[in-house]
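Below is one structure; the comments refer to it alone.
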Amino acid sequence: MTKDNDQMSLIIDDSHQFIQIKRYGRADIEYKETSDILTRATGFMGDYDYTLNPYSGCSFGCTYCYAAFFSRKKEQVDNWGNWVVVKENAVKLLQRRKPGWLDGKLIYMSSVTDPYQPIERKLELTRRLLETMAERHKPKLMVQTRSQLVTRDIDLFKRIEERGGRVQVNMTVTTDDPDIMRTFEPICPPNPARLKAITKVQEAGITSCITMTPLLLVEDHQAFADALIDTGVRKFIAQPFHFKKGKFVAQTRSQAFELMSEKLGSGKDFDREYLNHYRQFVRVFKDKLRNNGLPPLGEGKEGFKPPW
Ligand code: SF4
(Lines give C-alpha, C1' and ligand atoms only; values in the text may rest on other atoms or scores of the structure.)
Protein backbone atom coordinates (compact mmCIF):
# COMPACT_ATOMS: atom_id res chain seq x y z
CA MET A 1 0.00 0.00 0.00
CA THR A 2 1.33 3.43 -0.84
CA LYS A 3 0.12 6.71 0.49
CA ASP A 4 1.66 9.98 -0.63
CA ASN A 5 1.45 13.45 0.77
CA ASP A 6 3.76 16.50 0.76
CA GLN A 7 5.79 15.23 3.65
CA MET A 8 6.29 11.57 3.08
CA SER A 9 5.61 8.46 1.17
CA LEU A 10 4.53 5.42 3.19
CA ILE A 11 5.01 1.91 1.94
CA ILE A 12 3.65 -0.90 4.08
CA ASP A 13 5.69 -3.93 3.19
CA ASP A 14 4.78 -7.38 4.61
CA SER A 15 8.38 -8.55 4.59
CA HIS A 16 9.48 -5.78 6.97
CA GLN A 17 8.50 -4.98 10.51
CA PHE A 18 8.75 -1.31 9.65
CA ILE A 19 6.40 0.98 7.89
CA GLN A 20 8.92 2.07 5.30
CA ILE A 21 9.10 5.79 4.92
CA LYS A 22 11.15 6.96 1.99
CA ARG A 23 11.28 10.57 3.01
CA TYR A 24 10.66 12.10 6.39
CA GLY A 25 10.70 15.86 6.71
CA ARG A 26 13.79 16.90 4.76
CA ALA A 27 15.63 13.59 5.06
CA ASP A 28 15.81 10.72 2.57
CA ILE A 29 15.42 7.49 4.48
CA GLU A 30 17.17 4.31 3.40
CA TYR A 31 16.85 0.85 4.98
CA LYS A 32 19.91 -1.37 5.18
CA GLU A 33 21.06 -4.46 6.98
CA THR A 34 24.16 -4.13 9.10
CA SER A 35 26.67 -6.80 10.14
CA ASP A 36 26.63 -5.88 13.82
CA ILE A 37 24.80 -3.32 15.92
CA LEU A 38 27.43 -3.08 18.67
CA THR A 39 30.80 -1.60 17.76
CA ARG A 40 33.87 -1.85 19.99
CA ALA A 41 34.39 1.63 21.43
CA THR A 42 37.73 3.29 20.70
CA GLY A 43 39.34 6.76 20.85
CA PHE A 44 37.27 9.40 22.67
CA MET A 45 34.79 6.68 23.63
CA GLY A 46 37.53 4.26 24.67
CA ASP A 47 36.29 4.09 28.28
CA TYR A 48 33.13 2.35 27.04
CA ASP A 49 32.85 -1.23 25.82
CA TYR A 50 30.57 -0.58 22.84
CA THR A 51 28.91 2.16 20.88
CA LEU A 52 25.40 1.53 19.60
CA ASN A 53 24.10 3.50 16.61
CA PRO A 54 20.59 2.48 15.49
CA TYR A 55 20.92 4.81 12.49
CA SER A 56 23.66 6.27 10.39
CA GLY A 57 23.37 9.81 9.16
CA CYS A 58 21.47 12.34 11.24
CA SER A 59 18.66 14.61 10.15
CA PHE A 60 19.54 17.17 12.84
CA GLY A 61 22.36 18.14 10.49
CA CYS A 62 24.62 20.17 12.80
CA THR A 63 27.00 21.90 10.42
CA TYR A 64 30.07 21.10 12.54
CA CYS A 65 29.19 17.44 13.15
CA TYR A 66 32.36 15.29 13.18
CA ALA A 67 30.20 12.20 12.53
CA ALA A 68 29.55 13.51 9.01
CA PHE A 69 33.18 12.81 8.16
CA PHE A 70 32.82 9.11 8.95
CA SER A 71 30.38 8.86 6.03
CA ARG A 72 31.59 6.56 3.26
CA LYS A 73 30.76 8.79 0.30
CA LYS A 74 31.61 12.42 -0.39
CA GLU A 75 28.03 13.22 -1.36
CA GLN A 76 26.90 11.97 2.06
CA VAL A 77 29.26 14.43 3.74
CA ASP A 78 28.09 17.25 1.45
CA ASN A 79 24.49 16.30 2.01
CA TRP A 80 24.76 15.82 5.79
CA GLY A 81 21.43 16.36 7.54
CA ASN A 82 19.42 15.25 4.51
CA TRP A 83 19.79 11.48 4.80
CA VAL A 84 19.37 8.76 7.37
CA VAL A 85 20.06 5.03 7.06
CA VAL A 86 17.88 2.81 9.24
CA LYS A 87 19.69 -0.34 10.41
CA GLU A 88 16.66 -2.49 9.82
CA ASN A 89 18.03 -5.72 11.31
CA ALA A 90 19.34 -3.99 14.48
CA VAL A 91 16.80 -5.53 16.85
CA LYS A 92 17.27 -9.03 15.39
CA LEU A 93 21.04 -8.72 15.85
CA LEU A 94 20.67 -7.67 19.46
CA GLN A 95 18.17 -10.45 20.11
CA ARG A 96 20.74 -12.97 18.86
CA ARG A 97 23.04 -12.14 21.77
CA LYS A 98 22.66 -14.54 24.69
CA PRO A 99 20.66 -13.13 27.61
CA GLY A 100 23.08 -11.58 30.08
CA TRP A 101 25.79 -11.08 27.45
CA LEU A 102 25.65 -7.31 27.99
CA ASP A 103 25.46 -7.45 31.78
CA GLY A 104 27.73 -4.75 33.20
CA LYS A 105 28.88 -3.70 29.71
CA LEU A 106 29.29 0.05 29.15
CA ILE A 107 27.33 1.13 26.08
CA TYR A 108 27.32 4.59 24.53
CA MET A 109 24.22 5.30 22.43
CA SER A 110 25.01 6.99 20.13
CA SER A 111 28.40 8.13 18.90
CA VAL A 112 27.73 8.98 15.21
CA THR A 113 24.01 9.71 15.09
CA ASP A 114 21.25 10.86 17.42
CA PRO A 115 19.22 7.83 18.57
CA TYR A 116 16.13 10.07 18.71
CA GLN A 117 16.01 11.07 15.05
CA PRO A 118 12.68 12.54 13.91
CA ILE A 119 12.02 9.23 12.04
CA GLU A 120 12.40 7.37 15.36
CA ARG A 121 8.98 8.73 16.34
CA LYS A 122 7.45 6.53 13.58
CA LEU A 123 9.81 3.57 13.55
CA GLU A 124 10.56 3.09 17.25
CA LEU A 125 13.82 1.35 16.43
CA THR A 126 15.72 2.81 19.40
CA ARG A 127 12.75 1.94 21.60
CA ARG A 128 12.80 -1.69 20.50
CA LEU A 129 16.53 -1.92 21.14
CA LEU A 130 15.92 -0.58 24.64
CA GLU A 131 13.12 -3.11 25.14
CA THR A 132 15.48 -5.90 24.13
CA MET A 133 18.12 -4.65 26.54
CA ALA A 134 15.57 -4.33 29.34
CA GLU A 135 14.28 -7.86 28.79
CA ARG A 136 17.57 -9.70 28.34
CA HIS A 137 20.49 -7.71 29.76
CA LYS A 138 21.71 -5.45 32.56
CA PRO A 139 23.81 -2.92 30.61
CA LYS A 140 25.33 0.32 31.83
CA LEU A 141 23.88 2.58 29.20
CA MET A 142 24.74 6.18 28.35
CA VAL A 143 22.13 7.82 26.11
CA GLN A 144 23.22 10.96 24.23
CA THR A 145 20.66 13.13 22.45
CA ARG A 146 19.38 16.59 21.52
CA SER A 147 15.78 15.52 21.19
CA GLN A 148 12.79 15.76 23.48
CA LEU A 149 11.64 12.40 22.10
CA VAL A 150 13.90 10.77 24.71
CA THR A 151 11.13 11.27 27.31
CA ARG A 152 9.00 8.68 25.46
CA ASP A 153 11.37 5.95 26.72
CA ILE A 154 11.54 6.89 30.40
CA ASP A 155 9.54 3.73 31.19
CA LEU A 156 12.27 1.60 29.58
CA PHE A 157 15.13 3.43 31.30
CA LYS A 158 13.35 2.69 34.57
CA ARG A 159 12.83 -0.94 33.60
CA ILE A 160 16.53 -1.38 32.76
CA GLU A 161 17.42 0.05 36.17
CA GLU A 162 14.80 -2.02 38.04
CA ARG A 163 16.34 -5.15 36.53
CA GLY A 164 19.86 -4.27 37.63
CA GLY A 165 21.21 -2.19 34.73
CA ARG A 166 22.16 1.50 34.87
CA VAL A 167 21.14 4.42 32.63
CA GLN A 168 22.28 8.01 32.28
CA VAL A 169 20.67 10.40 29.80
CA ASN A 170 22.80 13.25 28.40
CA MET A 171 21.11 16.21 26.71
CA THR A 172 23.32 18.44 24.56
CA VAL A 173 22.82 22.21 24.69
CA THR A 174 25.47 24.36 23.04
CA THR A 175 24.34 28.02 23.00
CA ASP A 176 21.56 30.44 23.89
CA ASP A 177 22.22 32.62 20.83
CA PRO A 178 19.58 32.26 18.09
CA ASP A 179 21.98 33.42 15.32
CA ILE A 180 24.57 30.86 16.36
CA MET A 181 21.91 28.18 16.58
CA ARG A 182 20.59 28.99 13.10
CA THR A 183 24.08 28.75 11.63
CA PHE A 184 25.48 25.76 13.55
CA GLU A 185 22.41 23.67 14.41
CA PRO A 186 19.67 24.83 12.06
CA ILE A 187 17.42 21.77 12.42
CA CYS A 188 17.94 20.69 16.02
CA PRO A 189 15.10 20.98 18.53
CA PRO A 190 15.03 24.39 20.26
CA ASN A 191 16.57 24.80 23.73
CA PRO A 192 13.29 25.07 25.69
CA ALA A 193 12.19 21.66 24.35
CA ARG A 194 15.54 20.09 25.21
CA LEU A 195 15.61 21.58 28.71
CA LYS A 196 12.01 20.60 29.41
CA ALA A 197 12.79 17.05 28.30
CA ILE A 198 15.87 16.63 30.48
CA THR A 199 13.94 18.08 33.43
CA LYS A 200 11.34 15.38 32.90
CA VAL A 201 13.97 12.64 32.70
CA GLN A 202 15.62 13.94 35.88
CA GLU A 203 12.27 14.17 37.69
CA ALA A 204 11.56 10.56 36.73
CA GLY A 205 14.58 9.54 38.78
CA ILE A 206 16.92 8.74 35.86
CA THR A 207 20.46 10.11 36.21
CA SER A 208 20.68 13.07 33.84
CA CYS A 209 23.43 15.29 32.53
CA ILE A 210 23.59 18.40 30.33
CA THR A 211 26.48 18.30 27.88
CA MET A 212 27.67 21.65 26.52
CA THR A 213 29.72 19.81 23.96
CA PRO A 214 30.80 21.78 22.15
CA LEU A 215 30.02 25.01 23.94
CA LEU A 216 29.61 27.61 21.19
CA LEU A 217 28.98 31.29 22.00
CA VAL A 218 26.75 32.29 24.89
CA GLU A 219 24.90 35.60 24.69
CA ASP A 220 23.89 35.94 28.33
CA HIS A 221 26.21 33.95 30.59
CA GLN A 222 24.19 34.39 33.78
CA ALA A 223 20.79 33.62 32.26
CA PHE A 224 22.05 30.63 30.27
CA ALA A 225 23.78 29.14 33.32
CA ASP A 226 20.65 29.71 35.44
CA ALA A 227 18.40 28.09 32.81
CA LEU A 228 20.59 24.97 32.77
CA ILE A 229 20.81 24.72 36.55
CA ASP A 230 17.06 25.37 36.97
CA THR A 231 16.36 22.06 35.18
CA GLY A 232 17.28 20.29 38.43
CA VAL A 233 19.98 18.31 36.61
CA ARG A 234 23.05 17.83 38.81
CA LYS A 235 25.70 16.84 36.27
CA PHE A 236 27.20 19.04 33.55
CA ILE A 237 29.98 18.61 31.01
CA ALA A 238 31.57 21.31 28.85
CA GLN A 239 34.05 21.17 26.02
CA PRO A 240 35.39 23.96 23.79
CA PHE A 241 35.06 23.83 20.02
CA HIS A 242 38.41 23.74 18.24
CA PHE A 243 37.70 25.95 15.29
CA LYS A 244 41.12 25.50 13.69
CA LYS A 245 40.78 21.72 13.65
CA GLY A 246 37.00 21.70 13.37
CA LYS A 247 35.44 20.49 10.14
CA PHE A 248 32.25 21.84 8.65
CA VAL A 249 29.93 20.12 6.24
CA ALA A 250 29.16 21.47 2.78
CA GLN A 251 29.59 25.22 2.40
CA THR A 252 28.91 26.19 6.00
CA ARG A 253 32.44 26.88 7.21
CA SER A 254 32.84 30.43 5.90
CA GLN A 255 29.39 31.45 7.14
CA ALA A 256 30.14 30.02 10.59
CA PHE A 257 33.53 31.72 10.72
CA GLU A 258 32.12 35.09 9.65
CA LEU A 259 29.44 34.92 12.31
CA MET A 260 31.94 33.96 15.02
CA SER A 261 34.35 36.76 14.14
CA GLU A 262 31.48 39.26 13.97
CA LYS A 263 30.08 38.14 17.35
CA LEU A 264 33.50 38.15 18.99
CA GLY A 265 34.41 41.50 17.42
CA SER A 266 37.63 40.04 16.06
CA GLY A 267 39.23 39.11 12.76
CA LYS A 268 38.97 35.71 11.09
CA ASP A 269 41.61 34.33 13.45
CA PHE A 270 39.33 34.35 16.45
CA ASP A 271 40.52 31.20 18.26
CA ARG A 272 42.01 33.06 21.19
CA GLU A 273 38.94 35.29 21.65
CA TYR A 274 36.69 32.26 21.48
CA LEU A 275 38.72 30.41 24.14
CA ASN A 276 38.57 33.49 26.39
CA HIS A 277 34.82 33.52 25.90
CA TYR A 278 34.66 29.80 26.75
CA ARG A 279 36.73 30.28 29.91
CA GLN A 280 34.64 33.26 31.04
CA PHE A 281 31.45 31.27 30.71
CA VAL A 282 32.97 28.24 32.45
CA ARG A 283 34.04 30.50 35.35
CA VAL A 284 30.49 31.82 35.73
CA PHE A 285 29.09 28.32 35.50
CA LYS A 286 31.51 26.80 38.02
CA ASP A 287 30.65 29.56 40.52
CA LYS A 288 26.97 28.80 40.12
CA LEU A 289 27.54 25.06 40.55
CA ARG A 290 29.46 25.75 43.76
CA ASN A 291 26.84 28.19 45.07
CA ASN A 292 24.10 25.62 44.41
CA GLY A 293 26.00 22.79 46.10
CA LEU A 294 26.28 20.87 42.81
CA PRO A 295 29.16 18.58 41.74
CA PRO A 296 32.06 20.19 39.83
CA LEU A 297 31.83 20.68 36.07
CA GLY A 298 33.15 17.76 34.00
CA GLU A 299 35.37 18.83 31.12
CA GLY A 300 36.45 17.17 27.88
CA LYS A 301 37.13 13.43 27.69
CA GLU A 302 37.38 13.16 31.49
CA GLY A 303 33.84 14.52 31.76
CA PHE A 304 32.54 11.80 29.41
CA LYS A 305 33.98 8.95 31.46
CA PRO A 306 31.32 6.46 32.52
CA PRO A 307 30.12 7.32 36.03
CA TRP A 308 29.70 3.68 37.09
S1 SF4 B 1 22.74 15.72 16.61
FE2 SF4 B 1 24.77 14.87 16.94
S3 SF4 B 1 25.04 13.31 15.34
FE4 SF4 B 1 23.32 14.61 14.75
S5 SF4 B 1 24.20 16.14 13.40
FE6 SF4 B 1 24.17 17.01 15.48
S7 SF4 B 1 26.17 16.52 16.34
FE8 SF4 B 1 25.88 15.20 14.54
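The table that follows gives values for the structure above.
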item: Qualifying residue in the range 43-57 (condition: within 16 Å of the ligand (Cβ to nearest atom), within 9 Å of V84 (Cα to Cα) and among the small types (G, A, S)); result: yes
item: Matching entry among Q222, Q251, Q255 (being at pLDDT 95 or above and not small (G, A, S)); result: Q222
item: Residue count for the range 58-75, restricted to those that are in a helix (DSSP H, G or I) and either within 21 Å of T39 (Cα to Cα) or touching a Leu at 6+ places or on another chain (Cβ under 7 Å) (or both); result: 5
item: Residues within the range 40-57 that are without any contact (Cβ under 8 Å) to a residue 24 or more places away in the chain and either among the hydroxyl-bearing types (S, T, Y) or in a loop (DSSP other than H, G, I, E, B) (or both), tallied; result: 2
item: Subset of the range 79-92 [more than 16 Å from the ligand (Cβ to nearest atom) and within 23 Å of the chain's Cα centre (by Cα)]; result: E88, N89, A90, V91
item: Residues (away from the ligand (no atom under 16 Å from the Cβ) and of a type in the set (A, V, I, L, M)) located in the range 103-126; result: L106, I107, L123
item: Residue among T231, T175, T207, T199 that is within 16 Å of the ligand (Cβ to nearest atom) and either crowded, with 21+ Cβ neighbours inside 10 Å or modelled with pLDDT of 95 or more (or both); result: T175
item: Selection from the range 293-306 of residues that are loosely packed, with under 12 Cβ neighbours inside 10 Å and not in a helix (DSSP H, G or I); result: G293, P295, P296
item: Matching option when the condition is within 16 Å of T175 (Cβ to Cβ), surrounded by fewer than 14 Cβ atoms within 10 Å (Cβ to Cβ) and over 23 Å from the mean Cα position of the chain (by Cα), among E262, E258, E219; result: E262
item: Residue count, the range 149-171 (criterion: away from the ligand (no atom under 16 Å from the Cβ) and buried (at least 23 other Cβ atoms within 10 Å of the Cβ)); result: 4
item: Residue selected from the range 178-196 under the condition in a helix (DSSP H, G or I) and more than 22 Å from I229 (Cα to Cα), by the criterion farthest from the ligand (Cβ to nearest atom); result: D179
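The values are calculated or read from the model by the stated rules, or taken from the named source; none is laboratory data. Everything numeric here is computed off the predicted structure, so don't read it as measured data. Every residue, glycine as well, gets a Cβ built from its backbone with ideal geometry; the counts of neighbours run over all protein chains shown.
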